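The values are calculated or read from the model by the stated rules, or taken from the named source; none is laboratory data. For clarity, every value in this text was computed on a predicted model and none was experimentally measured. Note that each Cβ is placed from the backbone with ideal geometry, even for glycine, and that neighbours are counted across all protein chains shown. Just so you know, the surface numbers come from the protein's heavy atoms only, side chains and all, with ligands and any DNA or RNA stripped out. Shrake-Rupley method; radii C 1.70, N 1.55, O 1.52, S 1.80 Å.
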Amino acid sequence: MTQCIELWVDRGNYRNTKIVTEPSRPLKAGEILVAIDKFALTANNVSYALSGDMIGYWKFYPAADNWGKVPVWGCANVVTSGCQDIAVGERLWGFFPMASHAILEPGKIKAEYFRDVAAHRADLPGPSLYSSYRRTQAEPDSVQKFENQRCLLFPLFATSFIIYDYLIDNDFFGAQQVVVGAASSKTGFGLTMMLHNDSLVSQTVIGITSARNKEFVDSLDCCDHIILYGEETQLDNTLATAYVDMSGDMKLTTALHHHLGANMVESCMVGASHWESGGDVGKLPGAKPSFFFAPSQIAKRDQEWGHGVAMTKAMEASFTIALKVKDVMQVEWIDGPKAVNDAWQDLLDNKVSGSTGIMASMLAGS
């Protein structure tokens with residue numbers, strides 16, 4: 001019987017965690033058991049926890065009582081198969097729990113991917129994004145060799161692209177400048193790079209970051225201007241502004257809205273790197289802050305462009321940006337449940353630099 005090691009997070013107190021080790025249950029017909037040998041840990045995972053109840057991220061891999069399993073992007077090998085179309089030894093990339101193993105129920109099986117069609121996922125969001133698993137051995141070698149970047153960067157840069165497309169799709173809501181909070185975050189600098197490198201984008205791109213991360217953001221050459229936290233009044237408040245919040249910092253959001261007033265024409269929250277500064281902002285001047293839900297924009301583009309086109313464009317853009325930053329990204333490897341838990345705590349405390357990519361495994365050192 002396979003022993004499964006998982007990190008469970010208290011849904012009411014994210015710092016309260018426990019390591020759970022128990023035998024994997026017997027497979028039902030059509031199910032597969034996978035061993036997850038690597039996954040990425042980023043501030044994006046904190047965002048999944050924060051919006052876990054609102055969007056449903058806790059439901060992808062349910063846990064008992066008030067505990068939750070935070071989803072991560074990773075790679076896994078099929079170790080046991082009760083599905084005739086999925087062989088033992090297949091390599092997969094997708095949305096897994098922070099765990100050593102997981103059980104999936106493949107359906108809608110294609111040569112390149114399948115979907116987990118388990119009953120509890122029927123009403124969960126983003127089936128083409130969060131419930132699809134790439135069968136990577138069917139992909140070109142050039143893609144297969146970028147496993148680490150794929151785990152660390154592709155999901156984040158894909159989100160960057162969807163936000164980039166959302167802004168373009170809405171003609172930037174009439175904005176003359178785009179302000180990105182937490183510009184050192186991977187989704188943040190991915191977005192600024194896509195905007196800054198697009199010759200058709202005339203809007204000024206401004207990143208907000210900490211003094212600690214300013215040098216890193218500078219090195220990416222992705223912003224027209226960089227502003228430090230606490231210096232928000234340096235923004236030109238005579239210009240119509242679209243604000244993309246990667247930080248989840250309500251104090252920052254409030255300060256920007258009051259500074260810009262009616263010229264805050266769009267305000268959307270994507271990430272939560274400063275999650276403990278969150279809360280209810282109440283009524284603010286300018287556009288009402290809203291939560292950006294990438295699957296909604298993907299679904300809109302699927303109708304307009306054809307199914308899967310948006311995600312293909314997102315992955316192509318992600319690959320391009322990943323190649324540009326591969327030499328400035330430092331990958332840190334951690335093994336075993338204690339190290340994974342320590343990294344989770346560091347993410348909660350915003351101690352992980354945007355230039356660092358954490359790749360983890362629950363299998364080794366356990």
> Given Lys283, Lys288, which one is open to solvent by 50 Å² or more (accessible area, probe 1.4 Å), in contact with a strand residue (DSSP E or B) (Cβ under 8 Å, 6 or more places away or on another chain), without any contact (Cβ under 8 Å) to a residue 60 or more places away in the chain and in a loop (DSSP other than H, G, I, E, B)?
Replying inline: Lys288
> Looking at the range 209-220, is at least one residue touching an Asp or Glu at 6+ places or on another chain (Cβ under 8 Å) and either open to solvent by less than 40 Å² (accessible area, probe 1.4 Å) or within 21 Å of Ala317 (Cα to Cα) (or both)?
Replying inline: no
> Which of the residues that make up the range 124-138 are under 26 Å from Asn44 (Cα atoms) and either without any contact (Cβ under 8 Å) to a residue 40 or more places away in the chain or of a type outside the set (D, E, K, R) (or both)?
Replying inline: Leu124, Pro125, Gly126, Pro127, Ser128, Leu129, Tyr130, Ser131, Ser132, Tyr133, Thr136
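Yes/no per residue for (1) in contact (Cβ under 8 Å) with a residue 24 or more places away in the chain; (2) open to solvent by less than 10 Å² (accessible area, probe 1.4 Å); (3) farther than 26 Å from Gly261 by Cα:
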{"residue": "Phe157", "(1), (2), (3)": "yes, yes, yes"}
{"residue": "Ile162", "(1), (2), (3)": "yes, yes, yes"}
{"residue": "Tyr166", "(1), (2), (3)": "yes, no, no"}
{"residue": "Ala175", "(1), (2), (3)": "yes, yes, no"}
{"residue": "Val178", "(1), (2), (3)": "yes, yes, no"}
> Just checking, how many residues over the range 246-289 are more than 17 Å from Glu232 (Cα to Cα), among the small types (Gly, Ala, Ser) and at pLDDT below 90?
Replying inline: 6
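Of all residues in the range 65-84, how many are surrounded by 22 or more Cβ atoms within 10 Å (Cβ to Cβ) and out of contact with any His (no Cβ under 9 Å at 6 or more places or on another chain)? If you could, list the steps in order and put the result at the bottom.
As a first pass, look at the range 65-84 and keep what is surrounded by 22 or more Cβ atoms within 10 Å (Cβ to Cβ): 68-76.
Now restrict to residues that are out of contact with any His (no Cβ under 9 Å at 6 or more places or on another chain): 68-75.
Qualifying residue count, the range 65-84: 8.
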>> Just to be sure I understand, how many residues within the range 227-258 are of a type outside the set (Phe, Trp, Tyr), surrounded by fewer than 20 Cβ atoms within 10 Å (Cβ to Cβ) and either touching an Asp or Glu at 6+ places or on another chain (Cβ under 7 Å) or not in a helix (DSSP H, G or I) (or both)?
In response: 10
> Which one is farthest from Leu347 (Cα to Cα) among residues in the range 21-38 that are open to solvent by less than 30 Å² (accessible area, probe 1.4 Å) and touching a Pro at 6+ places or on another chain (Cβ under 9 Å)?
Replying inline: Gly30
> In the range 206-226, what count of residues is obtained for those that are of a type in the set (A, V, I, L, M, F, W, C) and not in a helix (DSSP H, G or I)?
Replying inline: 5
> Looking only at the range 311-361, which residues are aromatic (Phe, Trp, Tyr) and either outside any helix (DSSP H, G or I) or in contact with a strand residue (DSSP E or B) (Cβ under 8 Å, 6 or more places away or on another chain) (or both)?
Replying inline: Trp333, Trp344
> Which one of these does Gln3 not meet: (1) closer than 20 Å to Arg134 by Cα; (2) modelled with pLDDT under 95?
Replying inline: (1)
> What helices (runs of 4 or more DSSP H), lying completely within the range 112-205, carry at least 3 residues that are under 19 Å from Phe319 (Cβ atoms) and within 16 Å of the chain's Cα centre (by Cα)?
Replying inline: 147-152, 154-169, 186-196
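Condition check ((1) more than 15 Å from the chain's Cα centre (by Cα); (2) part of a loop (DSSP other than H, G, I, E, B); (3) of a type in the set (Gly, Ala, Ser)) across all residues:
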| position | (1), (2), (3) |
| --- | --- |
| Tyr48 | no, no, no |
| Tyr61 | yes, yes, no |
| Val72 | no, no, no |
| Asn77 | yes, no, no |
| Thr80 | yes, no, no |
| Asp85 | yes, yes, no |
| Val88 | yes, yes, no |
| Leu92 | yes, no, no |
> Being open to solvent by less than 50 Å² (accessible area, probe 1.4 Å), more than 23 Å from Arg134 (Cβ to Cβ) and of a type outside the set (A, V, I, L, M, F, W, C), is that true of even one residue in the range 53-64?
Replying inline: no
> Among the residues of the range 85-107 satisfying the criterion of being of a type in the set (A, V, I, L, M, F, W, C) and in contact (Cβ under 8 Å) with a residue 60 or more places away in the chain, which is surrounded by the fewest Cβ atoms within 10 Å (Cβ to Cβ)?
Replying inline: Ile103
>> For the range 48-70, give me each residue that is closer than 17 Å to Val340 by Cα and at pLDDT below 95.
In response: Tyr48, Ala49
> From the list Met362, Met315, which one is over 25 Å from Glu215 (Cβ atoms) and open to solvent by less than 30 Å² (accessible area, probe 1.4 Å)?
Replying inline: Met362
